[in-house]
1. Please specify each residue of the range 294-313 satisfying the condition of being part of a helix (DSSP H, G or I) and either open to solvent by 10 Å² or more (accessible area, probe 1.4 Å) or within 20 Å of Pro269 (Cα to Cα) (or both).
2. Go through the range 53-93 residue by residue and tally those that are open to solvent by 10 Å² or more (accessible area, probe 1.4 Å), among the β-branched types (Val, Ile, Thr) and within 24 Å of Asn112 (Cβ to Cβ).
3. Could you list, in sequence order, all residues of the range 236-263 that are among the charged types (D, E, K, R) and either within 16 Å of ligand 1 (Cβ to nearest atom) or not in a loop (DSSP other than H, G, I, E, B) (or both)?
4. Considering only the range 271-290, how many residues are part of a strand (DSSP E or B) and buried (at least 20 other Cβ atoms within 10 Å of the Cβ)?
5. Restricting to strands (runs of 3 or more DSSP E) lying wholly in the range 11-119: which have 1 or more residues that are in contact with a Gly (Cβ under 9 Å, 6 or more places away or on another chain) and under 22 Å from His159 (Cα atoms)?
6. Check off (1) within 16 Å of ligand 2 (Cβ to nearest atom); (2) in contact with a strand residue (DSSP E or B) (Cβ under 8 Å, 6 or more places away or on another chain); (3) touching a residue at least 40 places away in the same chain (Cβ under 8 Å); (4) open to solvent by less than 40 Å² (accessible area, probe 1.4 Å) for Met229 and give me the number that stays unchecked.
7. So, in the range 196-225, exactly how many residues are away from ligand 2 (no atom under 16 Å from the Cβ), of a type in the set (A, V, I, L, M) and open to solvent by less than 40 Å² (accessible area, probe 1.4 Å)?
8. Here are Val34, Val20: which of them is hydrophobic (A, V, I, L, M, F, W, C) and either farther than 30 Å from Lys130 by Cβ or open to solvent by less than 20 Å² (accessible area, probe 1.4 Å) (or both)?
Amino acid sequence: MVYKVLTYTLIGIEAHLIEVEADISHGIPAFNIVGLPENTIKESKERIRSAIKNSKLPFPEHRITINLAPADIKKEGTSFDLPIAIALISSSLNISTENLRKYLIAGELSLNGEIRKIRGALSGAFLSKKINLEGVIFPEDSSSEAAYFTDISVYPVKHLLEAINFLKGEIVLEPAKPKKNIASQNPLHEIDFSDVAGQFHAKRALEIASAGKHNVLMTGPPGSGKTMMAMRIPTIMPDMTIEESLETTMIYSAGGLLSNDKPIINKRPFRSPHHTSSEIAIVGGGTNPKPGEISLAHNGVLFLDEFPEFKRPVIEALRQPLEEGVIHVSRASISVTFPANFLLVAAMNPCFCGNLGDNSKPCTCTYAEIQKYRKKISGPILDRID
Ligand SMILES: Nc1ncnc2c1ncn2[C@@H]1O[C@H](COP(=O)(O)OP(=O)(O)OP(=O)(O)O)[C@@H](O)[C@H]1O
Ligand SMILES: [Mg+2]
């Protein structure tokens with residue numbers, strides 16, 4: 001008999017339904033996973049075997065075939081461990097197939113059967129609502145983020161045995177209920193724009209920029225407070241609406257950056273990647289594309305300090321998201337879109353030595369050096385900075 005367990009895979013920040021089918025037949029013992037699994041899933045076999053054995057559950061020493069359907073979507077990540085393990089041992093434990101079909105199940109297993117957090121739990125919860133499931137069985141560490149914005153029952157599990165006993169109907173689990181403090185959307189910031197002394201013109205420019213969502217470039221000598229002011233921009237932006245908070249939370253969830261202590265993003269994000277960051281880190285990507293810094297700054301501020309020091313392709317890659325508010329990442333097998341609607345705040349020195357225009361310190365750069373420094377920022381990018 002073939003046992004089926006429902007789970008999901010992330011494409012961008014969207015969860016897509018995947019059916020894990022397990023067929024156990026007589027023959028030489030083997031363990032195969034088919035249906036376009038990437039390396040992380042192929043590796044999961046050993047984790048699953050150990051987790052099942054160490055939980056004192058019966059591991060079927062037969063010919064095991066796991067199919068991940070639909071077979072045309074590439075699957076990657078560790079969240080398949082739990083659904084595969086459950087599909088494998090359901091037959092020997094007499095878990096009813098009816099019970100299995102009620103839930104969307106995901107989780108990474110450790111060798112002793114503990115369940116670790118997953119990426120995209122929030123999208124997974126939305127998916128299960130869309131297809132009218134009774135609930136989801138997710139790692140305890142991912143349960144608050146999944147439950148916060150959805151009214152679906154999120155059953156948090158810490159150990160494989162807990163998930164199995166729940167599916168067998170031997171224990172009752174309380175659905176996760178994160179503290180709803182979304183009404184108090186006004187999160188307190190530790191820093192404040194009023195910390196900035198003087199700098200009347202710069203402050204006014206930044207106030208206008210943040211009110212009208214205009215991208216800005218600050219130029220000034222070292223120590224003039226560029227970094228300090230940029231960090232305080234989110235504190236003068238309007239509070240996030242619930243929709244904005246949900247959008248940004250979805251991205252952080254897909255990046256695996258949330259926890260039960262911090263299940264949602266309700267403060268406008270401030271991201272300041274270092275200028276040595278790679279293009280993938282900034283715009284997103286990888287074989288199974290993950291959101292990059294520009295998406296993590298969605299509905300907030302992306303601060304690029306020492307702007308000319310960023311690699312040319314990184315700066316150029318910002319052009320499309322600055323225009324459209326989204327980034328399309330295409331790889332050989334897949335093309336995904338991440339939201340990336342951010343306020344760009346860039347900072348640079350006026351020249352190499354930084355002293356150009358400073359009356360107290362002489363500038364030691366040659367004219368050619370100044371031109372070269374400024375040329376690093378291309379015209380099309382400057383066009384997008386108001
Ligand atoms: N207007 C200001 N009000 C209060 N503190 C300031 C102000 N300007 C600068 N400072 C202080 O001076 C220090 C240096 O500022 P900051 O690092 O922001 O300068 P910067 O312009 O980013 O310099 P660099 O070009 O070297 O990166 C900070 O510790 C900051 O607290
Ligand atoms: Mg600085």
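The values are calculated or read from the model by the stated rules, or taken from the named source; none is laboratory data. For clarity, every value in this text was computed on a predicted model and none was experimentally measured. Here the Cβ is made from the backbone with ideal geometry for all residues, glycine too, and neighbour counts use every protein chain on show. Ligands, DNA and RNA are excluded from the accessible area calculation, which covers all protein heavy atoms including side chains. Shrake-Rupley method; radii C 1.70, N 1.55, O 1.52, S 1.80 Å.
1. First, the residues of the range 294-313 that are part of a helix (DSSP H, G or I): 294-296, 307-309, 312-313.
Residues satisfying the conditions are Ile294, Ser295, Leu296, Phe307, Glu309, Arg312, Pro313.
2. Looking only at that region, the number is 1.
3. Of the residues in the range 236-263, the ones among the charged types (D, E, K, R) are 239, 243-244, 247, 261-262.
Those that are among the charged types (D, E, K, R) and either within 16 Å of ligand 1 (Cβ to nearest atom) or not in a loop (DSSP other than H, G, I, E, B) (or both): Glu243, Glu244, Glu247.
4. Quick first cut of the range 271-290, residues part of a strand (DSSP E or B) only: 271, 284-285, 290.
Subset that is buried (at least 20 other Cβ atoms within 10 Å of the Cβ): 284-285, 290.
Within the range 271-290, residues that are part of a strand (DSSP E or B) and buried (at least 20 other Cβ atoms within 10 Å of the Cβ) number 3.
5. On the way: elements: 14-25, 30-34, 63-69, 103-105.
Filter on the range 11-119 gives 14-25, 63-69, 103-105.
6. (3)
7. Of the residues in the range 196-225, the ones away from ligand 2 (no atom under 16 Å from the Cβ) are 197-198, 200-201, 203-205, 207-215.
Those left that are additionally of a type in the set (A, V, I, L, M): 197, 205, 208-209, 211.
Cutting the leftovers down to open to solvent by less than 40 Å² (accessible area, probe 1.4 Å) gives us 209.
Residues that pass the stated criteria total 1.
8. Working: Val34 fails: either farther than 30 Å from Lys130 by Cβ or open to solvent by less than 20 Å² (accessible area, probe 1.4 Å) (or both).
Every option except Val20 fails the conditions.
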